[in-house]
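One structure is given here, and the rest of the page talks about it.
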Amino acid sequence: MKLTEKQGKEIFKEYGILIPEQDVEGDVIVKAQVLVGGRGKAGGILKANKENVDEIKEKILSMEIKGEKVNEVLVEELINGEEHYLSVTIDRDLRDYICVASNKGGVDIESVSKDEIIKGKFEEIEDKVCKGKKKLFKKMLQIAKDKDAILVEINPLVLSNHKLYAVDSKIIIDDSAFFRQGFERKEGNYVELEGDIGVIGNGAGLVMATLDTLAYFDGKPANFLDVGGGSSTEMVGRAIDRVLENKNVKKLFINIFAGISRCDEVAKAIVSKNIEIPMVVRMVGTNQEEGRKILEESGIKAFDSMEECCREIVNV
């Protein structure tokens with residue numbers, strides 16, 4: 001589950017990470033609190049001052065960004081300075097957290113050249129970053145471990161008056177950890193987008209990775225739908241129904257990494273829907289072989305690679 005910027009910053013403050021002040025006069029920035037990306041380009045982040053801040057808040061609260069209604073805004077001091085990037089994320093191959101740092105912040109880290117990125121386990125990179133970033137990494141690693149996060153990101157991290165501020169936050173909680181973290185899950189986190197490829201996955205991080213990979217192969221996602229961990233046959237079935245209600249959906253990509261969820265339960269849901277549009281399925285994890293057998297008996301092939309799925313569904 002992806003947290004809003006405000007939720008993430010509340011956690012940052014709890015762990016002693018400096019964030020912009022929220023009760024200030026003068027120049028401020030007003031930010032839409034939505035989970036979809038691209039809010040800045042959509043007009044969901046605007047500068048304001050004491051005279052027009054209420055007008056700007058009302059304007060943003062009246063917006064809908066990529067299908068998500070803006071119900072909350074964050075108003076905080078405007079901080080200018082050098083923009084940097086820090087993140088802590090899970091490396092599934094290493095089965096450990098890795099740290100990523102760059103002096104190029106405020107942009108998508110994927111667009112930054114590799115020679116401008118420092119990446120590795122903390123003990124591998126701690127001597128390559130400044131003292132302030134080293135302290136931040138320690139706090140971010142503690143957040144990741146305490147909160148069962150698969151991503152803790154500060155972008156941009158702004159250096160202003162010799163202080164490092166977390167000007168934005170991005171935290172994604174492992175869906176399987178809801179029972180420990182006490183978050184309330186709504187069944188199926190759904191956001192409609194503008195493309196023609198329906199997307200269903202379990203876990204916000206996995207779904208976002210699916211959208212990014214589709215975009216890399218020039219695919220256009222029609223939605224974001226996270227069915228969450230522990231997804232039953234019924235839940236997956238309802239998720240499929242929900243995606244197919246969108247008449248713009250011409251293809252379907254179902255991407256499941258089963259931990260608490262079971263591949264055979266997911267497969268039963270897929271088969272029961274008699275889906276007539278082109279579809280690809282990536283299904284790995286618990287009861288993987290049983291699930292694939294169910295699909296194969298109905299003439300549905302399951303892929304191992306997300307890239308292979310994206311290439312297949314884009315070119316079909």
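Per 0.36 nm of contour for each residue apart, how much would the distance between Glu116 and Glu25 grow if the chain were fully extended, relative to their Cα-Cα spacing? Working shown, then result.
Numbers: separation 91, 0.36 × 91 = 32.76 nm, distance 3.68 nm.
The Glu116-Glu25 span can extend by a further 29.1 nm.
Could you calculate the contour length gain from Lys301 to Glu64, that is, 0.36 nm times the residue separation minus the distance between their Cα atoms, to one decimal place in nm?
Values: separation 237, 0.36 × 237 = 85.32 nm, distance 3.72 nm.
That pair, Lys301 and Glu64, stretches by 81.6 nm at full extension.
With a cut-off of 17 Å, note down the residues of segment 92-125 whose backbone N falls inside the zone around a label point 7 Å from the Cα of Lys145 toward its beta carbon.
95-100, 121-125
Kindly state, as a whole number, the per residue volume in cubic angstrom of the convex hull around the alpha carbon atoms of the chain. Kindly include the intermediate steps, with their values, before the conclusion.
On the way: hull volume 42.1 nm³, N = 316.
Given the Cα convex hull of the chain, per-residue volume reads 133 Å³.
Sequence neighbours fewer than 8 away in the same chain don't count; with that in mind, list the lysines whose C-alpha is under 22 Å from Lys247.
Candidates past the 8-residue exclusion: Lys66, Lys69, Lys220, Lys273.
Send over the semi-axes of segment 82-176's equivalent ellipsoid, whole angstrom and largest first, taken as the square roots of 5 times the C-alpha gyration tensor eigenvalues.
Numbers: eigenvalues 79, 43, 36 Å².
Equivalent ellipsoid of segment 82-176: 20, 15, 13 Å, largest first.
Relative contact order of the chain, please, whole-number percent, based on alpha carbon pairs below 8 angstrom and at least 6 residues apart. Let's see the in-between values first.
On the way: 660 pairs, mean separation 43.3, N = 316.
Relative contact order for the chain comes out at 14 percent.
Among Gly132, Gly67, Val53, whose Cα lies farthest out toward the positive end of the dipole of segment 50-196, if unit charges sit on the beta carbon of Lys, Arg (+1) and Asp, Glu (-1)?
Gly132
Check the straight Cα-Cα distances from Lys128 and name the lysines below 21 Å, setting aside those fewer than 8 residues away within the same chain.
Within the straight-line cut-off, Lys128 pairs with Lys104, Lys114, Lys119, Lys138, Lys139, Lys163.
Tell me, in nm to one decimal, what length is gained between Asn49 and Cys130 on full extension, where the rule is 0.36 nm per residue of separation less the Cα-Cα distance? Spell out each step's value before the answer.
On the way: separation 81, 0.36 × 81 = 29.16 nm, distance 3.41 nm.
Computed gain between Asn49 and Cys130 is 25.8 nm.
Rule-based calculations on the coordinates, nothing more; no lab input. These figures come from a predicted structure and were not determined experimentally. As a convention, Cβ positions derive from the backbone with ideal geometry for all residues, glycine included, and neighbour counts pool all protein chains shown.
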